[in-house]
Amino acid sequence: MQQVVFGIVAALIVFAAVRLVTTRNLVHGALYLLAVLAGAAILFLLFLAEFVAWVQVLVYIGAVVVLLLFGLMLTRAPIGNMALDSQTRPLAAVVSLAIFGITSTIVWKTFKGQTVHFSKPNTVDTLGRAIFSQYVLPFEIVSVVLLAALVGAVVLARKEE
Amino acid sequence: MPKGYFGEYLTLAFFAGMMLLLVAGTLGLNKLVSPKVHRDEKYLTYECGVDPVGGGWSQTQIRYYLFGLLFVVFDVEAVFLFPWAVVFDKLGTAAFVEMVIFIGILALGLAYAWRKKVLEWL
């Protein structure tokens, strides 16, 4: 049952992802991105990671897509016009292939041959314990990263005036 | 009603499916039985009965982006508050101090934006 749902959702994600990069309308692209992120949330639910799934919905579908749409609206590109093609397809292909290669190698080397048994749902309690006793430093670094993003945006917004 | 972790989400999926079916059914039925008369005017954007001028695309101000980013930053902060609130009574002072540092660093960013007067809507 789980495998069947996983297969259907994964197929939908791949379809939406392919449409995302091939669509000619940027706003449609944003909609397909939403579908991909929602599919990922369902996958998290299947892996018993309830909290992560709803964080995915809250932060990615709620906030990141909004940010992306605002970024899109900042550009002068009219919807559906391909004049915004920057002719860097080969370079983009090299970069994306490199990223794919590096991440898949890392995942392969780290988790090769391991099986994960999902017995009971990961609760917010275990997550909280892990963050606030074991991974305190990464947690605090997250705030520094967010601060850097915020300061960067303020500097960019100020320059216009 | 099915019980357990997957059972509950199965109920949710059932209702989501019924919702989609309802919308698709009513819209599909409407499309099936409604008369179709093609007129170019019908496909114009409705603007209080006046013919629209120009395109639908305009460049927005960067201000909107800044508020969008502020939303993302504090959304992420809110997400961390949930597990913090759950384990707070078990970890006590240490967790409290950690969260105060976290929010303090983010508050610095908000204070910076405030001082630079980008939060004012001119």
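Annotations for the structure displayed:
- Residues of the range A:123-138 satisfying the condition of being more than 7 Å from chain B (Cβ to nearest Cβ) and within 21 Å of the chain's Cα centre (by Cα): A:Pro138
- The residues in the range B:67-112 that are in a loop (DSSP other than H, G, I, E, B) and at the interface with another protein chain (Cβ under 8 Å from one of its Cβ atoms) can be counted, and the count is 0.
- Taken together, A:Thr105, A:Thr115, A:Thr110 contain a single residue that is more than 7 Å from every other protein chain (Cβ to nearest Cβ) and assigned to a loop (DSSP other than H, G, I, E, B), which is A:Thr115.
- Test for B:Leu44: is it in contact with an Asp or Glu (Cβ under 8 Å, 6 or more places away or on another chain) and aliphatic (A, V, I, L, M): yes
- Checked against (1) within 30 Å of B:Val100 (Cβ to Cβ); (2) at the interface with another protein chain (Cβ under 9 Å from one of its Cβ atoms); (3) not basic (Lys, Arg), B:Tyr64 passes all but condition (1).
- Filter result (surrounded by 14 or more Cβ atoms within 10 Å (Cβ to Cβ), small (Gly, Ala, Ser) and under 18 Å from B:Leu70 (Cα atoms)) within the range A:126-148: A:Ser143
- Pairing residues of the range B:25-46 that are assigned to a helix (DSSP H, G or I) with residues that are loosely packed, with under 10 Cβ neighbours inside 10 Å and among the basic types (Lys, Arg), at Cβ distances under 9 Å and at least 6 apart in sequence or on separate chains, gives no pairs at all.
- Whichever residue in the range A:13-42 is within 13 Å of another protein chain (Cβ to nearest Cβ) and surrounded by fewer than 17 Cβ atoms within 10 Å (Cβ to Cβ) and, among such residues, is farthest from the chain's Cα centre (by Cα): A:Asn25
- Candidates B:Lys42, B:Lys90, B:Lys117, filtered to the one that is under 27 Å from the mean Cα position of the chain (by Cα) and at pLDDT below 90: B:Lys117
- Any hit, the range A:85-100, residues being in a helix (DSSP H, G or I), within 30 Å of B:Phe71 (Cβ to Cβ) and within 14 Å of chain B (Cβ to nearest Cβ): no
- Here A:Thr123 fulfils each of the conditions (1) surrounded by 14 or more Cβ atoms within 10 Å (Cβ to Cβ); (2) modelled with pLDDT of 85 or more; (3) not basic (Lys, Arg) apart from (2).
The values are calculated or read from the model by the stated rules, or taken from the named source; none is laboratory data. As the structure is a computational prediction, the values presented were derived from the model and not from experiment. When we count neighbours, we look across all protein chains shown, and the Cβ atoms used for this are built from the backbone with ideal geometry, even at glycine.
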